[in-house]
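Read through the structure below, which is laid out as structure tokens, and then see the notes.
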Amino acid sequence: MLCRGQTTGVTVFAPAKLNLFLKVLGKRADGYHELETLMVSVGLYDTLVFSDAPAGHLSLVCRDGRVPAARAGPREMPGDGEDNLVLRAARLLRETTGTAHGARIELVKRIPLSAGLAGGSSDAAATLWGLNRLWNLGLDASELMRLASRLGSDIPFFLCSASAAICRGRGEIVEPLPLAARYWFVVARPATGLATAEVYRGCRPSTIGWTAAALASALAGGRLPEAAGLFHNALQEPAERLNADVTRLKRAFARQPFAGHQMSGSGTSYFGLCRSRRQAAQYAARLRATRLGDVFVVSNRP
């Protein structure tokens, strides 16, 4: 998460994430699934601009950042109402601290929705971070992470001290990972999306024998082939049953010599790991020719 203070407000750049490893350990008594996942934040960002508003008023304006600003204009997006994670995060922060401040929030959306890239979760984390600074509340990172865990499973990750982490529990237990190397990915997102809850309903516990720690070790040592061989996503199989676009992307990625490839999160975005930025650009161009979805190149943030 990148934050920039200004005299008129605070701007936060909220990154997307990729799941390089997602192991389902079983169903919990609270209805969630017990997970072990390795996530990396990557250089695809939503932008949130926070400015003071009078009389405690909270408002959210969304704009599509993938089209020129002159043509985009404000628009409604899924979850613009009371259930929107950005507004829920703002209300939770205000209720917890007792502040009477208000805010006008402008969200420039570039991370695709319903894509397994955690754009909504990242935006919620950015809201906690940005409003804590705008309102001078003085909460530290651990306090913000506790609030984040009340909002959603992926949200605490975006408030941790590193751009990669192993997350456990339902995702709220975060172990930061220092990754000194930069890795390049090609990401494709089809026109269709998937509902996270529906994908989880169809998943089964993972039967693989390795852990996220093994993948973390390979990444930290720069052992690309070994790392790619340790990729895992227990949600990919149910996602493929629910959405044929995921299978189409898997086949298209398999035709390119990626070091490794798989779906991110609960889908529908699919990614491939490359050996260099140049290689990523070449493979991305080939995939764009298939017209299976939006294709972009990103890297982790070492």
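Selection of first residues in the stretch 224-239 that are closer than 13 Å to Ala214 by Cα and in the same structural domain as Ser266 (by TED's automatic domain parsing) and of second residues that are aliphatic (A, V, I, L, M) and assigned to a helix (DSSP H, G or I), restricted to Cβ pairs under 7 Å at least 6 apart or on distinct chains, gives the following pairs, ordered by first then second residue: Glu226/Ala218; Ala227/Leu215; Ala227/Ala218; Ala227/Leu219; Leu230/Ala214; Leu230/Leu215; Leu230/Ala218. Among the residues of the stretch 25-41, those that are part of a loop (DSSP other than H, G, I, E, B) and exposed (fewer than 14 other Cβ atoms within 10 Å of the Cβ) comprise Arg28, Ala29, Asp30, Gly31. Assess whether Glu175 counts as being surrounded by 15 or more Cβ atoms within 10 Å (Cβ to Cβ), without any contact (Cβ under 8 Å) to a residue 12 or more places away in the chain and in a strand (DSSP E or B). Answer is yes for this residue.
Of the listed requirements (1) modelled with pLDDT under 95; (2) of a type in the set (Lys, Arg); (3) closer than 17 Å to Phe50 by Cβ, Arg170 misses just one: (3). Within the stretch 134-161, residues that are under 21 Å from Gly102 (Cα atoms) sit with their Cβ atoms under 8 Å from residues that are of a type in the set (Asp, Glu), at 6+ positions apart or across chains, in these pairs: Leu134/Asp52; Ala148/Glu172. Here is a list of conditions, (1) of a type outside the set (S, T, N, Q); (2) over 23 Å from Ile111 (Cα atoms); (3) free of Cβ contacts under 8 Å to residues at least 24 places away in the same chain, and Ala181 meets all of them except one; can you say which number that is? With (1) of a type outside the set (S, T, N, Q); (2) over 23 Å from Ile111 (Cα atoms); (3) free of Cβ contacts under 8 Å to residues at least 24 places away in the same chain applied to Ala181, the lone miss is (3). Only one of the numbered conditions (1) under 15 Å from Lys17 (Cβ atoms); (2) in a loop (DSSP other than H, G, I, E, B); (3) hydroxyl-bearing (Ser, Thr, Tyr) is violated by Thr99, and that is (1).
If we scan the stretch 230-247, do we find a residue that is among the polar types (S, T, N, Q) and within 16 Å of Leu18 (Cβ to Cβ)? Yes, because at least one residue in the stretch 230-247 is among the polar types (S, T, N, Q) and within 16 Å of Leu18 (Cβ to Cβ).
Residue count for the stretch 121-140 satisfying the condition of being under 28 Å from Phe271 (Cβ atoms) and surrounded by fewer than 23 Cβ atoms within 10 Å (Cβ to Cβ): 0. Evaluation of Ile105 against the conditions (1) closer than 30 Å to Glu240 by Cα; (2) of a type in the set (Val, Ile, Thr); (3) not assigned by TED's automatic domain parsing to the domain that holds Gly265 shows that the sole unmet condition is (1).
The values are calculated or read from the model by the stated rules, or taken from the named source; none is laboratory data. It should be emphasised that the depicted structure is a prediction, and the values quoted were computed from it without experimental measurement. Cβ coordinates were reconstructed from backbone atoms using ideal geometry, including for glycine residues, and neighbour counts include every protein chain displayed.
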